[in-house]
Every structure is written in C-alpha cells, then in structure tokens.
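Each remark here refers to the structure printed beneath this line.
The values are calculated or read from the model by the stated rules, or taken from the named source; none is laboratory data. Small disclaimer: the values here were computed from a predicted structure and weren't measured. Using ideal geometry, Cβ is built from the backbone for each residue, glycine included, and neighbour counts are taken over all protein chains shown. With ligands, DNA and RNA removed, areas are computed over all heavy atoms of the protein, side chains included. Shrake-Rupley method; radii C 1.70, N 1.55, O 1.52, S 1.80 Å.
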Amino acid sequence: MLYRLKKSGYQAYLVGGGVRDLLLGREPKDFDVATDATPEQVKAVFRNCRLIGRRFRLAHVRFGREIIEVATFRSADFGKAEQSANGMVLDDNLYGTIEEDALRRDFTINALYYNIADFSVIDYSTGMADLETGLLRLLGDPETRYREDPVRMLRAVRFAAKLGFNIEPATEAPIHHLGHLLEDIPPARLFEEVLKLFISGYAVSTFEKMRHYDLFAWLFPQTEEALSHEEHEFPLTLVLKGLENTDRRLAQEKPVTQAFLFAVLLWEPLRRMAEELERTQGLPPYAAIQQAAGLVIERQVQRVSIPRRFTTPMREIWGLQPRFHNTKGKRPARLLAHPRFRAAYDFLLLRAEAGEADPELATWWTRYQESQGLDPTGGNKPAAGRRRRRRRPRKRPAPK
Ligand code: ATP
Ligand code: MG
C-alpha cells in the first residue's frame, strides 16, 4: 500500500495510533496513512478506493476485508480555516506539508511518522521522548487546541487511561474549566466518542478520570446529578461494577452489549425518576419505569445521542426489572422466555451486587434458571441472534 503510493511518486507514511502502539509494543488497532497525494490522486492509484467525509476528506482503500484510511497532509494554519465563534475549526481541509500535518495533530505521541522506505520514525516534536516518559502532551497551546476541537479533552482522558500515561501539566490544567465546550459538539459525534471511552477495556479508569476533570457531567448530566446525592453508595457502585464487567469481558475477548452499558449509566437517574412518578402520580412500577425511561432518554440524547437500536433494548432491560419480583405461578416461566431475559437478569445481578436490589431475589432467579436446566452464568450471551454483538477489533497485519 505504502509502496504503491511511493512508486507513483508520492510520499506515504504510517501515522497516528498505529505507530504509537507499535512503538509501545502494543497491538495496534489500525493503521492510518498520511500522504502528499490528494484524495483524488489516491483514488487514481487504487481502484478499490472510496472518498469519504465532509469535515475531513479521506480516502478509504480496501484490501480484502481491511480498510485503510489515507489522509492527505493538512495545513496547521488555522488562520485560514473556517472557525466558529468559540474558535472551533469547522473546515479542516487545507492541504500542507508533512511538517504542518504533524503540528495539527493532537498529541505529540500521535504525531510520529513511520517511513517504510528506511524504517525511520520522523518526529517533529517531542513524541519519542514523551513515549519514553509516558507523557501525554498536546501540540501547541493547549487551551487553543481544546477550543479548536473540544473532543481532544476526551481523547486526553482516554489515552491517559488506556496507556497509563500522565497528562503533562500544561495539557492538563485547562481541562477542568473547559468541559462546557463539549456542549457545542454534535451529540452523534459524542456518541462515537462515548463508545470509544467505555468500550476500550479501560472504562473504570476512564470514568474516574472523566469525573476528576469535570467532563463526565457534560456528557451524562443526569447521571452526574444522581451520583451527587450521597445518601447511598450503591449508585456509584453499580456504575463501577458495570464498567468493571465491561473491562473484564473485553479482556477475555467476549462481546459487550452497548445497550447494557447505557442502561447501567442511566439507571440511577431513571430509578429516581420512576420512584418519584410512583410516589406523586401513583403509577405502578412498570408504567413508572416506561414513562421515566422516555424522559431520561429524551434528555440524554440532547448531549450524547443514542440510536434507537440501543434505546429499545435499554427500555426492555429496565422495564423487566419490576417483573423479577413476581416469582409465583406461571410468571417466572413467561419472563424467562422473554428475548431480553438474559440481559435483564444480568442487570438484576449487577443491582444486587451493588446493594440496590435484594440479593436473595437475584439468587432465586439463578436457582430458578438452574432448575430449568439453563446455565445462569452464560453471561451477556445474545438470545438466538437477537442481540447485537460488538465486532471485535480486527487484528490487522501491517499494510504493505
Ligand atoms: P486509537 O487507538 O483510538 O485509534 P488514534 O490515535 O489512532 O487512537 P484516531 O482517532 O484513529 O486515534 O486518529 C488517528 C490520528 O489522527 C491520531 O493519532 C491523531 O494524530 C489524529 N487525530 C485524531 N483526532 C484528532 C483531533 N481531534 N485533533 C487532532 N488530531 C487528531
Ligand atoms: Mg486509530
């Protein structure tokens, strides 16, 4: 791939997270290629190429099942780029030299270029040194860079948690007071980021850091509000245990259900609201949960969008919770046959573990499944293909 661009007379380098992870001796998730060829020129070299993106114009080159992202060197001269009133960069498609391209990247350790021609690494800043000392350092003036793209604050936290790096003081300081800038980011983009934050294998540490830097409240205001009531410990315990499970499952290469994760994150605001609706309007538990679910989700998606393919299972997981109290007659059998039983039962276990639900009730359901010849430890296994499995990160060979 890189050779082919070279043969056509272009420069081409591996860049970004792939190079960073290789140098750290970690398995790279994917590889990005940076080149001086324009997307159109890339397309002319590769037949199996598609041009994508509006914010960033990119070429996607397909190799069998792999897609490699090829980006043209961009200019860091934001003076010329279109900006919003907050200094956010709206149009970032000015092409430039490799050096300019390096300086418009986010962190020094993400701005290393691997030259396959001579196996050298090109470093225009302090990337190599920062990799050695384990330091996350933004290129340029941190506050300006966060204003250009506030998602960089989330990226700082994500990489710090994933790599176990420290955030360099000047890079760290502005984060505490710039969280509000995340309000300007489209909820759909934040949804993608939230998945990366929590389905990373480092969700617990990421979550704790996000709260430490006052970022979490901007993504999940209702959850943060519910967690701030200190009369109980279980709400925080539930979230931590839920994230711990996610991390453990990923470490074991098991699939993770995104809907379950969002159900965990939003359970406490939902539970509080449902309780209030029961109290003030005399609604029965199931109706209260459904009504509260509508409200909580509606508020949540103003910050971080959640696609309907997730909100539907979330509502089911929540809605089934009161039904676990019915352990008489034919009702348990009916609940067991529900397509979302598995996830709802796992959710009940989590609530019990956190100290919110009755552990004896959870045990009753465990025994009940055993008595029906089922294996209650089957985990989050999808019921006959109804649940979406997360696609495991594919192991990519280095592009040739
Ligand atoms: P991951 O392991 O999560 O893929 P990554 O560093 O490869 O980490 P990507 O989102 O794949 O992250 O981005 C690839 C590269 O593009 C980054 O390494 C960085 O150089 C650059 N980049 C990505 N997002 C930004 C941003 N918001 N601002 C500046 N540069 C960015
Ligand atoms: Mg990447």
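Normalise the Debye intensity by I(0) for the chain, one equal point scatterer per Cα, no solvent, then take log10 at q = 0.06, 0.08, 0.14 Å⁻¹ and round to two decimals. With no solvent term, the Cα-only Debye profile gives -0.29, -0.51, -1.24. The calculated FRET efficiency for the pair SER8 and LEU240, based on their C-beta separation and a Förster distance of 60 Å, comes to about 0.70.
Approximating the spin labels as points 7 Å out from Cα along Cα→Cβ, the GLU298-to-GLU233 distance works out to 3.7 nm. The mean sequence distance of close C-alpha pairs (under 8 Å, at least 6 residues apart), as a share of the length of the chain, puts its relative contact order at 12 percent.
Of LEU283, LEU139, LEU154, which has the largest mean-square fluctuation in a 10 Å C-alpha GNM of the chain? Of the options given, LEU283 has the highest mean-square fluctuation. Applying 1/(1 + (r/R0)^6) with R0 = 35 Å to the Cβ-Cβ distance of MET128 and GLU183 gives a FRET efficiency near 0.45. Packing around the peptides 214-226, 331-343, taken as the average count of other Cβ atoms within 10 Å per residue, puts them in this order, highest first: 214-226, 331-343.
With the simple spin-label model, which puts each label point 7 Å out from Cα in the Cβ direction, the LYS29 to HIS212 separation comes to 2.0 nm.
Our helix-only sum for the chain, with -39,500 (n - 2.57) per DSSP H run of n ≥ 4 divided by its residues, gives a mean residue ellipticity at 222 nm of -14500 deg cm²/dmol. Here the chain has 50 percent of its accessible surface on carbon and sulfur atoms, given a 1.4 Å probe and all protein chains in place. In this structure, PHE56 and GLU278 have a Cβ-Cβ separation that, at R0 = 56 Å, corresponds to a calculated FRET efficiency of about 0.70. Average accessible surface for the stretch 186-382: 46 Å² per residue, computed with a 1.4 Å probe over protein heavy atoms with every protein chain in place. Averaged per residue, the stretch 1-184 has 45 square angstrom of accessible surface, using a 1.4 angstrom probe with ligands and nucleic acids left out. Taking every C-alpha pair closer than 8 Å and separated by at least 6 residues, the mean separation divided by the residue count of the stretch 186-382 gives a relative contact order of 24 percent.
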